[in-house]
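The values are calculated or read from the model by the stated rules, or taken from the named source; none is laboratory data. Keep in mind that what you see is a predicted model, and the values were worked out from it rather than measured. We place every Cβ from the backbone using ideal geometry, glycine too, and count neighbours over all the protein chains shown. Quick note on the areas: whole protein, heavy atoms, side chains included, nothing else; ligands and nucleic acids left out. Shrake-Rupley method; radii C 1.70, N 1.55, O 1.52, S 1.80 Å.
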Amino acid sequence: MHFLWLMLPVLMTAWSGEQRPTSLERDPDAGVSEALARTRAERLSNLRYELTFTIPSDKSQPIKSFETITFDLKDASADLVLDFSPDRGGVLRNVASGDQMVTVRQVNGHIIVPREVLRTGFNHLTLAFNAGSAPLNRNDDFLYTIFVPARAHLAFPCFDQPDLKARWTLTLDVPESWETLANGAEQSRETADGRTKTRFVETHPISTYLFAFAAGRFTIEKAERNGRTFRMFHRETDAAKVARNRDAIFDLHAAALSWLEKYTGIPYSFGKFDFLLVPAFQFGGMEHPGAIFYNATGLLLEQTATQDQKLGRASVIAHETAHMWFGDLVTMTWFSGVWMKEVFANYMAAKIVNPSFPEINHDLRFLYAHYPGAYDVDRTAGTNEIRQPLANLDEAGTLYGAIIYQKAPIVMRQLEALVGPDAFQEGLREYLNKYAFANARWQDLIALLDRRTPEDLASWSHVWVEERGRPVVQTELKIADGKIQQLAYTQRDPHGGRGLIWNQRIQVAIGTETRQSDRSRATTTLLPVHLNAAHVEVPAARGLPAQFVLPNGGGIAYGELHLDRASLRWLMTNLPEIDDALARGSAWVTLWDAMLDGEAQPERILALAIRALPLERDELNVQRVLGYATQAYWKFTPPAARQEAAGQLGRVLRDGLQSASSQSLKAAWFAALRDTAQTSDTIEWLVRVWKQQEQIPGLTLSETDYIRLAEELAVRDVPERDTILDQQLERTKNPDRKAQFAFVGPAISADPRVRDAWFRSLSDVANRRHEPWVLEGLRYLHHPLRSAGSQQYIQPSLEMLREIQRTGDIFFPKRWMDATLGGYQSASAAAVVRAFIDRLPPTYPERLRRVILSSADDLLRAPRITRMH
Ligand SMILES: [Zn+2]
């Protein structure tokens, strides 16, 4: 039912001269400023939206839409600002208040509703408009919304801020053959004249960024778990692939839900539970209550999936499910608090996933899932604090990144260690109950926890959460006659002048070597150390036998951890002898830092990896070391030295592939071999694999694997490259994968003019809509083997970054820079970036400058450390 449009003139109340309102004092800025959000949160309550979208099958046709907004207003003495900033095709048609048509002003992406038509208490606005398309991801036969962080108002008029939660009623009118999905359960469905109109039940109060819907050609899988029905919407055409994955996906959701209900003591609050698998989805997942959206690739795993990918799938499912409580039920007041929901989701995910993978070393898994990613940003000049100020929601996207997703969970683990797990859980339960269906700030949680511990959480929180960077921790070790005489740690602030001490409880590994017949082994003992001052002595270490000391032996210390000389020397030679898998992993993370700091040579790191790989038995370590070897090879080995390293590396990888005990391990070895192949021997063998003339015993390659292999062969300019690309396109059955492959093709072309045209085409936003496609193309365009010809694209890519941020989704600016710079190591490429940064005007957004600095960090270091001897 639609509002009846009465064509009445707006009734203007007569005002005396003194009282006459001159609308707002000044027009609101573009975006949603914090000041605007605060004023609105003060004035508005009891908010409801009723929305109807009529979606044509042709994605170029406008989406006719109607909306009713009702709310209580505290005072009607000022105009009311709605947000609406649609792209081309979106337009406001008319507005009514009650049954009066209203003349409104549209300014800076807002609709100004004049105070004359508002009243204190209940208000009722009705709007007719064509929806903006940008956040609707319209494809030929499906669309889905992404409104995070504040993109709902690019599609329809609303109060687009997280602390104005509303109840939503949605009606979707779509082509008959389409399925629909929304936050609420389906209430009614009518089909007539080739169209289906579906109405969904009203939701509980949720924020605008969590409102979501999707419509299109989807297949629906249903399953019952613990008395609850789960539905999975997807577009996968490979039935065997769906069949292979579906039960695991439903099981993982059900397990996550019941774990969270138990931990929080609060039942799932949003009624039905559906999820949608989107091909080429921008994120891993998005936590809309009742309608989680996922990247299809992350959930529908190939037969060759690695252990890491299986863990990754369980983690993303647990992460999004945890958001139903942390983020959806209790939401941050403002997006500066976005890290809170992310850290809780990640943190709970780690707790949830562990029981499902009893064979995994979870401390090692935590180390790899968080430390390298956090360090990749936190070691750079572009790093940021966990909690960042945010003046306007149109910059909210720049808050997201490794500091939120990887560092914050490390900090949260430190917090739990400080408070104790029981008090931590109790505090969280109180927090969730107190702020259910409402909003809260970090300080609200710290206050609840502070009451439960003697520690000073406020100053702890200041250093770890409000300040950027990591402590520089130096080990001071004196050994005589194989025994420790003195062990001490100093810490200092890398950014200086702040006088910060990173209070943390760590576990130091003391390693001793023993000889067993012909080979030596190193056993480790963990020693607790409380780093709570600039200089900390470890008296308990005195007299212990030791060959080396590793500050992060327990996998919990956070910082730029410098080893003493003796330990560094020992580890660079003997690391594979350490018997504890976690200590080996921690040593690798520490040595990688040492390489980037110029304390270890890249070719020695690569040589250590080549020696360690055949001996490594832990799958997580194998995967990580393969990753380090690949990075050391492409990013830090000078091109002239690669050919020689390629032979050695290739032999180790071929052996590893052959002797690997599981399909997932084989897949990891194969991926490293494919990505680093440079000898004619290996490349010819890969061509035979692609032609399916050669089988890899114990490893089944999927369509995605063959696509990737074809691309890697093409970038190496094998003689049959054009035939391979043509045939691969023909071979590819799945339409979404086929479209992606066709898009990426020109970026790998042997013809520089074709590559150039591909890059130029990216200046049109329409060609950047499928962000994962763009990133894949960029990675090939800037592949190290193509770097000489492609360096010219660095400068224009840097120049485009502001527009990328304006038009793209939240992770796109950082990924755009990563994909652009990841293939280079030369001094001339570094100079291009350096010159660009140096010439930035003072008005350039600081957050984007930091994005560049952090993406460029490896490149800026490479010329220095590759020359080091
Ligand atoms: Zn999340």
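For the stretch 355-452, the normalised intensity computed at q = 0.12, 0.13, 0.19, 0.23 Å⁻¹ comes to -0.54, -0.64, -1.14, -1.21 (log10 of I(q)/I(0), Debye sum over alpha carbons, equal scatterers, no solvent).
As I understand it, the value is the acute angle between the Cα axis of helix 307-323 and the longest principal axis of the Cα atoms of the chain; what does it come to in degrees, rounded to 10? Taking Cα atoms only, the helix is inclined about 30 degrees. Approximating the spin labels as points 7 Å out from Cα along Cα→Cβ, the residue 191-to-residue 443 distance works out to 5.6 nm. Between residue 258 and residue 659, the modelled labels are 4.2 nm apart [label points 7 Å from Cα along Cα→Cβ]. Stretched out straight at 0.36 nm per residue, the stretch from residue 532 to residue 476 would grow longer than its current Cα-Cα span by 18.5 nm. If R0 equals 60 Å, the separation of the Cβ atoms of residue 75 and residue 767 corresponds to a calculated FRET efficiency of about 0.80.
Cβ under 14 Å from residue 357's Cβ, residue 357 left aside: what net charge do those residues give with Lys, Arg +1 and Asp, Glu -1? It would help to have the intermediate numbers written out before the result.
Working: positive: 310, 313, 351, 365; negative: 251, 308, 359, 363, 618, 619.
Neighbour charge sum, excluding residue 357 itself: -2.
Charges were assigned to the Cβ only: +1 to each Lys and Arg, -1 to each Asp and Glu. The resulting dipole of the chain about its Cα centre is roughly 540 debye. Under the criterion of Cα pairs below 8 Å and six or more residues apart, the relative contact order for the stretch 725-828 equals 25 percent. Computed from Cα atoms, the angle from the helix 362-378 axis to the main principal axis of the chain rounds to 80 degrees.
With contacts taken as Cα pairs under 8 Å and at least 6 residues apart, the chain reaches a relative contact order of 8 percent. Ellipsoid semi-axes for the stretch 604-650, based on the Cα gyration tensor and the rule √(5λ), read 20, 11, 7 Å when sorted largest first. Summing Cβ point charges (Lys, Arg +1; Asp, Glu -1) relative to the Cα centre of the stretch 183-280 gives a dipole of roughly 100 debye.
Residues within the reach of a label modelled at residue 429 (point 7 angstrom out along Cα to beta-carbon, backbone nitrogen below 13 Å), restricted to the stretch 264-306, are 264-267. When Rg and the Kirkwood Rh are both derived from Cα coordinates, the Rg/Rh ratio for the stretch 518-652 amounts to 0.99. Largest first, the extents of the alpha carbon coordinates of the stretch 207-247 on the three principal axes equal 37, 28, 13 Å. Structural descriptor for the stretch 158-246: relative contact order 29 percent, calculated from alpha carbon pairs under 8 angstrom and at least 6 residues apart.
Ranked by the mean number of other Cβ atoms within 10 Å per residue, highest first, peptides 197-210, 458-471 order as 197-210, 458-471.
Rg and Dmax of the stretch 427-549, both derived from C-alpha coordinates alone, stand at 20.3, 65 Å.
Translational diffusion of the stretch 288-407 was estimated from the Stokes-Einstein equation, with Rh taken as the Kirkwood radius over Cα pairs; at 10 °C and 1.306 mPa s the coefficient is 102 µm²/s.
Taking the DSSP bridge list for the chain and keeping only pairs wholly inside it, about 80 percent are antiparallel.
On alpha-carbon atoms, Rg over Rh for the stretch 130-231 using Kirkwood Rh? Before the final figure, lay out each step's value.
Working: Rg = 14.4 Å, Rh = 14.7 Å.
Here Rg/Rh amounts to 0.98.
Measuring spread by the Cα atoms of the stretch 751-824 yields a radius of gyration and Dmax of 11.3, 33 Å. Between residue 864 and residue 542, full extension at 0.36 nm per residue minus the direct alpha carbon distance yields a gain of 112.1 nm.
Could you tell me whether the stretch 745-869 comes out rounded, prolate or oblate from its Cα gyration tensor? Rule is a ≥ b ≥ c as square roots of the eigenvalues, rounded for a/c under 1.5, then prolate if a/b exceeds b/c, otherwise oblate. Each step should come with its number before you reach the end.
Details: a/c = 1.87, a/b = 1.11, b/c = 1.69.
In terms of gyration-tensor shape, oblate.
Which of rounded, prolate, oblate describes the stretch 554-625, given a ≥ b ≥ c as roots of the alpha-carbon gyration tensor eigenvalues and a/c under 1.5 marking rounded, otherwise prolate only if a/b is larger than b/c? Oblate.
In square angstrom, what is the accessible area per residue of the chain with a 1.4 angstrom probe?
Details: 33700 Å² over 869 residues.
Ligands and nucleic acids excluded, the figure is 39 Å² per residue.
For the chain, the spread of Cα positions along the three principal axes, ordered from largest to smallest, is 96, 69, 60 Å. The portion of the accessible surface of the stretch 55-185 made up by carbon and sulfur, rounded to a whole percent, is 45 (1.4 Å probe; DNA, RNA and ligands excluded). About the centre of its Cα atoms, the stretch 151-200 shows a dipole size close to 180 debye [charges on the beta carbon of Lys, Arg (+1) and Asp, Glu (-1) only; nearest 20 debye].
Would you calculate a helix-derived [θ] at 222 nm for the chain, using -39,500 (n - 2.57) for each DSSP H run of n ≥ 4 and dividing by the full residue count, to the nearest 500?
On the way: 29 runs with 353 residues, N = 869.
Theoretical 222 nm ellipticity from helices: -12500 deg cm²/dmol.
Overall, the accessible surface of the stretch 704-760 at a probe of 1.4 angstrom is composed of carbon and sulfur to the extent of 56 percent. Rounded to the nearest 10 degrees, the angle from helix 771-781 to the longest Cα principal axis of the chain is 40 degrees.
The residue among 350, 391, 309 whose Cα reaches farthest toward the positive pole of the charge dipole of the stretch 285-409, with charges on the beta-carbon of Lys, Arg, Asp and Glu, is 350. Computed from the C-beta positions of residue 760 and residue 694, the FRET efficiency with R₀ = 35 Å rounds to 0.35.
Can you tell me how much longer the chain between residue 436 and residue 644 gets when fully stretched, taken as 0.36 nm per residue apart minus their C-alpha distance, in nm with one decimal?
Details: separation 208, 0.36 × 208 = 74.88 nm, distance 6.10 nm.
The span from residue 436 to residue 644 would gain 68.8 nm if fully extended.
Positive end of the dipole of the chain (Cβ unit charges, origin at the Cα centre): among 765, 157, 647, the Cα lying farthest that way belongs to 647. Label residue 490 and residue 303 with points 7 Å out from Cα along Cα→Cβ: what is the distance between them in nm? Each label point is offset 7 Å from its Cα along the Cβ direction, giving 5.9 nm.
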